[in-house]
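Every read-out reported here was derived from the displayed coordinates using simple, explicitly stated rules and does not represent laboratory data. Keep in mind that this is a model prediction, so the values were computed, not measured. Methodologically, a virtual Cβ is constructed for each residue, glycine included, from the backbone with ideal geometry; neighbour enumeration extends over all protein chains shown.
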Amino acid sequence: MIESYREALIDLAYLVSAVALVFGLKRMSAPRTARSGNQIAAAALLLAVAVTLLDPHITWGAANIAVMLFGIGVGTVASVYLARIVPMTAMPQMVALFNGMGGGTAAVVSVAEFQRFAASGAVSVGEAVSVAFGTTIGSIALTGSLIAFAKLQEVMTGRPVRFPLQLPVNVAAFLGIVALWVWLLGLAGGVTVVWLLFALALVFGVLLVLPVGGADMPVVIAVLNSMTGLAAAATGFVLDNQILIVAGALVGASGSLLTILMSRAMNRSLANVMFGAFRVSGRAAAVAEAKPIREITAEDAAVLMAYANEVIVVPGYGLAVAQAQHQVRELADELEKRGVEVKFAIHPVAGRMPGHMNVLLAEANVPYDQLFEMEQINEEFQRADVALVVGANDVVNPAARSDPSSPIYGMPILNVDQARNVIVLKRSMRPGFAGIENELFHMSQTRMLFGDARESLMKLIEAVKAA
């Protein structure tokens, strides 16, 4: 009787947790409510974890208690430590690691549960399918996320990595995974087959992400996020845990939708993002012919902006690298004191993860009503006196509209080239991740302010105050 009441309590708590998760995700869809949405979702998951400990099937031996306490302790200390020391500029790497840890956990649990099933008797088809799916997708998400982390952290090159016979090796690894599935499900393979599947899927995750360039990391992170959710849902079936199924399905669905949105923002199919590198033997950065470059001093740029009616700021990855989000907000404040209208134009794939620029600017307390998505702001550029580009490159390159031979042709871009004046803050004339020359930098209305973005913005702030 007590156990039945306990199970009813757990089911009710899981229902409350699932509803709260959906509500939290809904609130995350808007910048103003994203923080509370995140807190609600975290509270929902905490509730789910807490009531899971009431499960009557848990064996409360000393060894199990020690393992649980150790895991909770390590996870708590690590998460608090990382939350305190990791800067907002490194959030893409952090998200990649979170994706990987979630996928890896799902894969390990699936393998462990299969061993338990096998030891207790025959494994049902449903259990085998759930184990195979969770092991495969979770393992790919783990190593794929680690490669994404290495590219974003610049531990390895952000360029596509290619090697001889890469395509045949990838195809062979994929066919090997299919063969292991057939062996496990059709020929009643045992624990050894699951371990082989786990190992081969780990390798395939590396092979899958290596040829993807750093510019495509926002889409890759969304894909890996979706895979982690699906792996967690599959593990929920293995463990017969309803809240894990619901939470995994929500993450998988939201990650899939985000992937579609990111692909559309780049005007490319997911297949082109993930496998486009296999269709070329390699493309070096285009060597630009000698074209005029017009430089500007911080003082002249400050005068241009201080006496403008409207300034549109376009943040990019260079802003994140320089950790200059607070300086760009301070510059906007100084311009507004002089009666200048300031807006921020956010490209969907600016930065290294979806929403990267929104996160950075929110951390600097830039008002949400000053942030505009590409569709909202693009028509405004032709009326802007100044467009200030801070570290953005490919997302403002007019070649996406005018050059059919360009690798970014067809990708929607911010119409910065339509502004009356363009000021670009950049360290050098090096191309972006697409590896091509940016025609915007050579246009007659464009002026280049070279240097570290943070230092350049500080000079602009002082010059605006003095203007």
So the angle from the long Cα axis of helix 91-120 to the longest Cα principal axis of the chain, reported in degrees to the nearest 10, equals 10
Can you sort L425, L239 by how many other beta carbons sit within 10 Å, fewest first?
L239, L425
Under the definition of Cα pairs under 8 Å and six or more residues apart, what whole-number percent is the relative contact order of segment 2-279?
19
Likely footprinting exposure, T59, T135, fewest C-beta neighbours within 10 Å first:
T59, T135
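If a/c stays under 1.5 just call it rounded; otherwise compare a/b with b/c (prolate if a/b is bigger, oblate if not). Do that for segment 46-166, with a ≥ b ≥ c from the square roots of the Cα gyration tensor eigenvalues.
oblate
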In bins 20 Å wide, starting from 0, what share of all Cα pairs of the chain does each bin hold, as a percent?
22, 49, 24, 5, 0
For a paramagnetic label modelled at 7 Å from the Cα of Y5 toward its Cβ, which residues of segment 51-66 fall within the zone defined by backbone nitrogen distances under 20 Å?
51-58
Bins of 5 Å from zero: percent of alpha-carbon pairs in segment 298-466:
1, 9, 20, 24, 24, 14, 6, 2, 0, 0
Sum -39500 (n - 2.57) across every DSSP H segment of at least 4 residues in the chain, then divide by the residue count to get the 222 nm mean residue ellipticity, nearest 500.
-20000 deg cm²/dmol
In debye, nearest 20, what is the charge dipole magnitude of segment 299-429 about its Cα centre with +1 on Lys and Arg Cβ and -1 on Asp and Glu Cβ, if you could check?
320
How much length, in nm to one decimal, is gained on full extension between E299 and A172, taken as 0.36 nm per residue of separation minus their Cα-Cα distance?
39.8 nm
Within segment 77-171, list the GluC sites (Glu not before Pro) lying in a DSSP loop whose Cβ has at most 14 other Cβ atoms in a 10 Å radius.
E154
Gyration tensor verdict on segment 22-84 (Cα atoms; rounded if a/c is under 1.5, prolate if a/b is larger than b/c, oblate otherwise):
oblate
Can you bin segment 104-246 into rounded, prolate or oblate? Criterion: square roots of the alpha carbon gyration tensor eigenvalues sorted a ≥ b ≥ c, rounded for a/c under 1.5, prolate for a/b above b/c, oblate for the rest.
oblate
Counting other Cβ atoms within 10 Å, which chymotrypsin sites (Phe, Trp or Tyr not before Pro) in segment 11-80 have at most 10 and lie in a DSSP loop?
W60
Length-normalised contact order of the chain, Cα under 8 Å, at least 6 apart, in percent, tallies to 14
Could you calculate the contour length gain from H57 to A199, that is, 0.36 nm times the residue separation minus the distance between their Cα atoms, to one decimal place in nm?
48.1 nm
Please report T105, T228 as a ranked list, fewest other C-beta atoms within 10 angstrom at the top and most at the bottom.
T105, T228
In debye, nearest 20: dipole of the chain around its Cα centre with unit charges on the Cβ of K, R (+) and D, E (-)?
560
